[in-house]
Amino acid sequence: MPAIYEYPWQVTADEIDGLGHVGNVEYLRWLQAAAIAHSAAQGWPTEKYFELGAGWVVRSHQIEYLMPAHRDDAIVVRTWVANLRGIRSLRRYEVWRPADQTLLAKANTEWVFISFTSRQPRRVPEEIQAAFEIVADGDAT
């Protein structure tokens, strides 16, 4: 299973804003889709979290936009788990345009593990912790 997951995407016309490039909210959608796909690849698809009665919610996002993406660009969102402790996990992302090897954005999301019924944080179960390899800062390149 990949410690660093690569989520490919083709930019659509619907993702272009009034300035002629991809709108900011679309990057956020890509990050979330990449995180969900990575979790599924590690054996934890959405359905499995519902069976468990617990899963991840976002506490915070941080995105640094470096270069614009445009219609029909093929992009790749690289994502990995940077830490996983107690009730929290930090996931990092890089959004690349492989055609010219351009880094478009860097991002972090802090996720919190909660019970779906109580909506209260709960410790991440061992089986979930074991499914994800932690990639230390500096080891993602």
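The values are calculated or read from the model by the stated rules, or taken from the named source; none is laboratory data. Fair warning: this is a prediction, and the values are worked out from it, not measured in the lab. Note that we place each Cβ from the backbone using ideal geometry, even for glycine, and neighbour counts take in every protein chain shown.
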Legend entry - Enumeration of residues in segment 71-92 that are without any contact (Cβ under 8 Å) to a residue 60 or more places away in the chain and loosely packed, with under 14 Cβ neighbours inside 10 Å: ARG85, GLY86
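Before we move on, is GLY55 within 21 Å of SER115 (Cα to Cα), over 14 Å from the mean Cα position of the chain (by Cα) and surrounded by 15 or more Cβ atoms within 10 Å (Cβ to Cβ)?
Working: within 21 Å of SER115 (Cα to Cα): yes; over 14 Å from the mean Cα position of the chain (by Cα): yes; surrounded by 15 or more Cβ atoms within 10 Å (Cβ to Cβ): yes.
Against the criterion (within 21 Å of SER115 (Cα to Cα), over 14 Å from the mean Cα position of the chain (by Cα) and surrounded by 15 or more Cβ atoms within 10 Å (Cβ to Cβ)), GLY55 qualifies.
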Inset, instruction - Return only the number of the condition from (1) on the phi > 0 side of the Ramachandran plot; (2) of a type outside the set (A, V, I, L, M, F, W, C); (3) touching a Phe, Trp or Tyr at 6+ places or on another chain (Cβ under 8 Å) that ARG119 does not satisfy. - result: (3)
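When you look at PRO68, is it surrounded by fewer than 15 Cβ atoms within 10 Å (Cβ to Cβ) and either out of contact with any strand residue (DSSP E or B) (no Cβ under 6 Å at 6 or more places or on another chain) or modelled with pLDDT of 95 or more (or both), yes or no? Quick ask: steps written out before the conclusion?
On the way: surrounded by fewer than 15 Cβ atoms within 10 Å (Cβ to Cβ): no; either out of contact with any strand residue (DSSP E or B) (no Cβ under 6 Å at 6 or more places or on another chain) or modelled with pLDDT of 95 or more (or both): yes.
No, not satisfied.
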Legend entry - Qualifying positions in segment 33-47 - exposed (fewer than 14 other Cβ atoms within 10 Å of the Cβ) and either in contact (Cβ under 8 Å) with a residue 60 or more places away in the chain or basic (Lys, Arg) (or both): GLY43
Inset, instruction - Considering only segment 98-141, state which residues are of a type in the set (Lys, Arg) and closer than 20 Å to PRO2 by Cα. - result: LYS106
Legend entry - Leading residue by the ranking (modelled with the lowest pLDDT) among those in segment 97-141 that are among the acidic types (Asp, Glu) and in a loop (DSSP other than H, G, I, E, B): ASP139
